[in-house]
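*Asks:* My questions all concern the structure below.
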Amino acid sequence: MRVLIVGGTKFVGRHLTEAVLAAGHEVALLHRGRTNPDLFPQVTHLLADRNEDLSVLAGHEFDATVDVVGFHPDQITSLAEALGGRGGHYTFVSSVSAYAPPSGPGYPEDSPLLEHTGPIEGVAVTAETYGSMKVLCERRARELFGPDVLIVRPTYVVGPWDPYGRLGYWAQRLARGGRVLAPGDPALPTQVIDARDQAAWMASMLGRGGVFHTVTASVPLAELLEDLAREFAPAGTELVWVEDAFLLEHGVDSNALPLWGDGIAADYWAGAADPAAAAGAGLVTRPVVESARDLLTVGLPERLLTGQREAELLAAWTARS
């Protein structure tokens, strides 16, 4: 099968490229050539900025197209126009952020979606518009590529090459031991998906349609961190749970403390999506501690909470009146 992957060299797309190649398919990557440009010398590299000129796709034909970096519906339109019906079956990586705030756990794939209000053309994709734009992308994909597109909705994607350090931060922090700042509500429903597991499953789903959550079973955040602590933390390690309001008052957000939802009440159940459909379609997920073990020595982004800042916050939390 000839497969076009839009993206393919950074994180989710990088693992997908590896999985599609491992499955024996012929791969072309459409990317800008800015991130890891020397990866995958055995594939066809089509260099272009999808927001500008996609004429590089002229004359190419594919059996399947997988889009891991679509964030605005206009990007879906321009891709469809450039492919001109030569893209084959289409897969779009969306997000559980596409849902309206769930009212409880175990929400299925047909749960209500966010509705975008206001203009679409020229609107920037921000934290506030990300979810509703993903919904518009999904709808545009069905309009232009047909109703049998595959829509993939993950929660937090983790694993090697994660630019956000979502799971790596916690594995490395717990391995250092001591008093560990744990954010917000210990009962917060939490789901992750190892990018390698998602990629292997997506490679097996080429040509198949439907909407699926790519997630592990939901667990409380406390359970996830305690599992990691049992695996990696030295004796005497203590999780210190610090309230949402305190963290927000002190200028901390989920960019610094991953897997925390910034205490946004509307998003409380976001990490409790029903995993049954994807599991029934063959998705197999490894234990989270196994994913974390591979992240104990990786580099982490600078935006994450430093040891000094954590100590300051814990001191202030302990000293509060």
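The values are calculated or read from the model by the stated rules, or taken from the named source; none is laboratory data. Remember, predicted model here, so these are calculated numbers, not experimental data. When we count neighbours, we look across all protein chains shown, and the Cβ atoms used for this are built from the backbone with ideal geometry, even at glycine. In case anyone asks, the SASA skips ligands and DNA or RNA and just uses the protein heavy atoms, side chains included. Shrake-Rupley method; radii C 1.70, N 1.55, O 1.52, S 1.80 Å.
Yes or no, residue by residue, for (1) modelled with pLDDT of 95 or more; (2) among the β-branched types (Val, Ile, Thr); (3) within 16 Å of the chain's Cα centre (by Cα):
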position: Val6; (1), (2), (3): yes, yes, yes
position: Leu39; (1), (2), (3): yes, no, no
position: Thr44; (1), (2), (3): yes, yes, no
position: Val56; (1), (2), (3): yes, yes, no
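*Asks:* Still on this structure, I have one more. Restricting to segment 144-171, give me the number of residues that are open to solvent by less than 10 Å² (accessible area, probe 1.4 Å) and among the hydrophobic types (A, V, I, L, M, F, W, C).
*Replies:* Number of matching residues: 8.
*Asks:* Can you tell me which residues in segment 284-295 are out of contact with any Ser or Thr (no Cβ under 6 Å at 6 or more places or on another chain) and not charged (D, E, K, R)? Outline the logic, then answer.
*Replies:* Keep residues of segment 284-295 that are out of contact with any Ser or Thr (no Cβ under 6 Å at 6 or more places or on another chain), which gives 284, 286-295.
Selection gives Val284, Pro287, Val288, Val289, Ser291, Ala292, Leu295.
*Asks:* Just for helices (runs of 4 or more DSSP H) wholly inside segment 175-286: which have at least 3 residues that are touching a residue at least 40 places away in the same chain (Cβ under 8 Å) and touching a His at 6+ places or on another chain (Cβ under 8 Å)?
*Replies:* Working: elements: 195-204, 221-232, 244-249, 276-280.
Correct list: 195-204.
*Asks:* Do we find a residue being free of Cβ contacts under 8 Å to residues at least 24 places away in the same chain, in a loop (DSSP other than H, G, I, E, B) and closer than 25 Å to Ala203 by Cα anywhere in segment 87-95? Break it down stepwise before answering.
*Replies:* Pass one, segment 87-95, residues free of Cβ contacts under 8 Å to residues at least 24 places away in the same chain: none.
Checking segment 87-95: not a single residue is free of Cβ contacts under 8 Å to residues at least 24 places away in the same chain, in a loop (DSSP other than H, G, I, E, B) and closer than 25 Å to Ala203 by Cα.
*Asks:* Look through Ala141, Ala182, Ala187 and report the one residue that is within 27 Å of Leu257 (Cβ to Cβ), open to solvent by less than 30 Å² (accessible area, probe 1.4 Å) and modelled with pLDDT of 95 or more.
*Replies:* Details: Ala141 fails: within 27 Å of Leu257 (Cβ to Cβ); Ala187 fails: open to solvent by less than 30 Å² (accessible area, probe 1.4 Å).
Within the list Ala141, Ala182, Ala187, the selection yields Ala182.
*Asks:* Tell me which of these Ala217 doesn't satisfy, since it passes every other one: (1) closer than 30 Å to Arg309 by Cα; (2) open to solvent by 60 Å² or more (accessible area, probe 1.4 Å); (3) among the hydrophobic types (A, V, I, L, M, F, W, C).
*Replies:* (1)
*Asks:* Determine if segment 307-316 includes at least one residue that is among the hydrophobic types (A, V, I, L, M, F, W, C), over 30 Å from Ser204 (Cβ atoms), touching a residue at least 60 places away in the same chain (Cβ under 8 Å) and crowded, with 16+ Cβ neighbours inside 10 Å. Spell out the reasoning first.
*Replies:* First pass over segment 307-316, keeping only residues among the hydrophobic types (A, V, I, L, M, F, W, C): 311, 313-316.
Those still in the list that are over 30 Å from Ser204 (Cβ atoms) too: 311, 313-316.
Retained after the next criterion (residues that are touching a residue at least 60 places away in the same chain (Cβ under 8 Å)): 313-314, 316.
Now narrow it down to the ones that are crowded, with 16+ Cβ neighbours inside 10 Å: 313-314.
Looking through segment 307-316, at least one residue is among the hydrophobic types (A, V, I, L, M, F, W, C), over 30 Å from Ser204 (Cβ atoms), touching a residue at least 60 places away in the same chain (Cβ under 8 Å) and crowded, with 16+ Cβ neighbours inside 10 Å.
*Asks:* For residues that are part of a helix (DSSP H, G or I) and touching a strand residue (DSSP E or B) at 6+ places or on another chain (Cβ under 7 Å), scanning just segment 1-32, find the one that is surrounded by the fewest Cβ atoms within 10 Å (Cβ to Cβ).
*Replies:* Of all residues in segment 1-32, those part of a helix (DSSP H, G or I) come to 12-22.
Retained after the next criterion (residues that are touching a strand residue (DSSP E or B) at 6+ places or on another chain (Cβ under 7 Å)): 12-13, 16-17, 20-21.
Working: Val12: 23, Gly13: 24, Leu16: 26, Thr17: 24, Val20: 24, Leu21: 16.
Only one residue tops the list, namely Leu21.
*Asks:* Show the residue pairs meeting these rules: Cβ distance below 7 Å; 6+ apart or different chains; first residue within segment 146-161 and in contact (Cβ under 8 Å) with a residue 12 or more places away in the chain and within 17 Å of Gly8 (Cα to Cα); second residue open to solvent by 10 Å² or more (accessible area, probe 1.4 Å) and aromatic (Phe, Trp, Tyr).
*Replies:* Val152/Phe212; Trp161/Phe11
*Asks:* For residues that are of a type in the set (Val, Ile, Thr) and part of a loop (DSSP other than H, G, I, E, B), scanning just segment 33-57, find the one that is most open to solvent (accessible area, probe 1.4 Å). Let's see the steps before the verdict.
*Replies:* First, pick out the residues of segment 33-57 that are of a type in the set (Val, Ile, Thr): 35, 43-44, 56.
Now restrict to residues that are part of a loop (DSSP other than H, G, I, E, B): 35, 43.
Numbers: Thr35: 52, Val43: 15 Å².
Ranking the qualifying residues of segment 33-57, first place goes to Thr35.
*Asks:* Of Leu225, Leu247, Leu257, Leu206, which residue is within 17 Å of Arg286 (Cα to Cα) and either in contact with a Leu (Cβ under 6 Å, 6 or more places away or on another chain) or buried (at least 17 other Cβ atoms within 10 Å of the Cβ) (or both)? Reasoning before the result, please.
*Replies:* On the way: Leu247 fails: within 17 Å of Arg286 (Cα to Cα); Leu257 fails: within 17 Å of Arg286 (Cα to Cα); Leu206 fails: within 17 Å of Arg286 (Cα to Cα).
After applying the criteria, what remains is Leu225.
*Asks:* Tally time: how many residues in segment 199-245 are within 17 Å of the chain's Cα centre (by Cα) and among the aliphatic types (A, V, I, L, M)? Don't jump to the end; show me each part of the working.
*Replies:* Quick first cut of segment 199-245, residues within 17 Å of the chain's Cα centre (by Cα) only: 199-203, 211-218.
Next cut, among the aliphatic types (A, V, I, L, M) only: 199-200, 202-203, 211, 215, 217.
Matching residues across segment 199-245 total 7.
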